[in-house]
Amino acid sequence: MIIISRTSQFSNKFVPIHIYIDGQKAGSLRDGERAEFRVVAGEHTLQAKVNISASNPIQFEIGDKRNIDFELGSNINVMKNVLIALSHPALLMALFFADKIIKWDYFLVFGMLAFLAFETWSYILRKRKNSITPENEKYYLYLKRTDQT
């Protein structure tokens, strides 16, 4: 039997995360929930998915009378999501049209410069993070084994 405990986080708080065992949907977990899934003895692959994002796939082997514990959570920082949303091109286009109506001086220029600065900063950090980040932290969601192996 495998036991999966989902951490309580603001990211994806109201969205169920689906659990896949050997490519087949086995169930879903809501924020802070814990669930048990029965699997036959042998080798299996475990993965979690939400919308179009997925976790790192974990391969494990389980015996007849053994439980394996996993933790499920999100690697996303809420503040990073807010900054990404504020620098989104659609928002900047809306500000451009609002600028034509409201006539904010230099507001659009400031927004474009902020967008370029944030995108440059994000690109540099993403390059650096991909070179030094462990494989399971490169995913939107993470699964990690928490029992004694």
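Can you pull out every residue in segment 115-146 that is basic (Lys, Arg) and at pLDDT below 70?
Arg126, Lys127, Arg128, Lys129, Lys138, listed by residue number.
Looking at the structure I just gave you, is Ile84 under 22 Å from Ser11 (Cα atoms), at pLDDT below 90 and hydrophobic (A, V, I, L, M, F, W, C)?
It is true that Ile84 is under 22 Å from Ser11 (Cα atoms), at pLDDT below 90 and hydrophobic (A, V, I, L, M, F, W, C).
Just to be sure before I move on: is Ser55 of a type in the set (Gly, Ala, Ser) and either open to solvent by 40 Å² or more (accessible area, probe 1.4 Å) or modelled with pLDDT of 70 or more (or both) in the structure I sent?
Values: of a type in the set (Gly, Ala, Ser): yes; either open to solvent by 40 Å² or more (accessible area, probe 1.4 Å) or modelled with pLDDT of 70 or more (or both): yes.
So Ser55 passes the test.
The values are calculated or read from the model by the stated rules, or taken from the named source; none is laboratory data. Predicted model only: the values in this text are computed from it and were never measured. Ligands, DNA and RNA are stripped out before the accessible areas are found, and what is left, the full protein with its side chains, is counted by its heavy atoms. Shrake-Rupley method; radii C 1.70, N 1.55, O 1.52, S 1.80 Å.
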